[in-house]
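Only one structure is covered here, and it is reproduced in the block below.
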Amino acid sequence: MRNDMMTRRQLLGIVGALSAPGDEIVVPLRLLVDRKVKWSPEQVESFRKDLWAQAVGNLLSCGVRLQVVEGKGEVERPPEREPVISGLEWGSLNFVATNRIPMHWDGGRSLCGVTTLYRGHHLCMVALDLAHGNRVPFVAVNTCLHELLHALLNDIFEDRPSGAKGQMREARVEYVATKLWLFGDGREIREGARSYVQRLADQRRRMSASG
Ligand SMILES: [Zn+2]
């Protein structure tokens, strides 16, 4: 009897070591599918099954787990003003799937996505009319992964730079994403994500302290 228990304990120890839960970086994320858009069921299903699942799986392969809570929210687009987005949460990365990036941010560039601090909230937004999965290495990686990396690599805290600096930042995200996608190398992502989740936790603490 006693021997059996020892064995069981040892076994649990081995299983624990293999899955190494302490090593996983958990990112709290709120997922919102814009309720203002008249979606076809296929479009939302293909977002979840293809684009989103691929991005989540890519990140998980380097030990970064998105802890997803589904929320309800929508994107209002008042003319010539910043969009009004509801359903966002403090202390989480808010990921909004909509059809097109609001004109105020897009400026006619037909962007697949944006990542920014929006009234203090951490926000990634993707345009499902244009978004795509991992397509061409270094040039066209999964749109969801691309935007998530702008947060995880802490670009989100800088104003979107223009010109050469902005292009460098885009190239870096594509490079890092491609290394993860094709070679399973997620070292930079883990490093960035570790400090990023710390900043999310700081925000959560600050907001709950201020009531
Ligand atoms: Zn980008």
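The values are calculated or read from the model by the stated rules, or taken from the named source; none is laboratory data. What you see is a predicted model; the values in this text were computed from it and never measured. All Cβ positions, glycine included, derive from the backbone under ideal geometry; neighbour counts span all protein chains shown. For accessibility, only protein heavy atoms count, side chains too; no ligands or nucleic acids. Shrake-Rupley method; radii C 1.70, N 1.55, O 1.52, S 1.80 Å.
With every protein chain in place, what's the accessible area of residue 110 (1.4 Å probe, Å², nearest 10)?
The accessible area comes out at roughly 60 Å².
Based on DSSP H runs of at least 4 residues, each adding -39500 (n - 2.57), what is the mean residue ellipticity at 222 nm of the chain after dividing by all its residues, to the nearest 500 deg cm²/dmol?
Helices in the chain give a 222 nm mean residue ellipticity of -13500 deg cm²/dmol.
Treat each spin label as a single point 7 Å out from the Cα along the C-beta direction, and report the residue 68 to residue 136 distance in nm.
2.8
Within the accessible area of the range 24-209, what % is carbon and sulfur when the probe is 1.4 Å and the other protein chains stay in place?
So the carbon and sulfur contribution to the accessible surface is 51 percent.
I want to make sure I understand the PRE zone here: with the label point 7 angstrom from the Cα of residue 167 toward its beta carbon, which residues in the range 107-121 have backbone N atoms less than 19 Å away?
109-112
Which order do you get for 157, 138, 47 if you rank them by accessible area with a 1.4 Å probe, largest at the top?
Final ranking, largest accessible area leading: 138, 157, 47.
Using 0.36 nm per residue of separation minus the Cα-Cα distance, give me the extension gain between residue 154 and residue 185 in nm, one decimal.
9.3 nm
Any idea of the accessible area per residue across the range 24-209, 1.4 Å probe, to the nearest Å²?
50
Which whole number of Å³ per residue matches the convex hull of the alpha-carbon atoms in the range 24-209?
Normalising the Cα hull of the range 24-209 by residue number yields 114 Å³.
If you count, for each residue, the other Cβ atoms within 10 Å and average over each peptide, how do 96-104, 163-171 line up from highest to lowest?
So the order, starting with the most tightly packed, is 96-104, 163-171.
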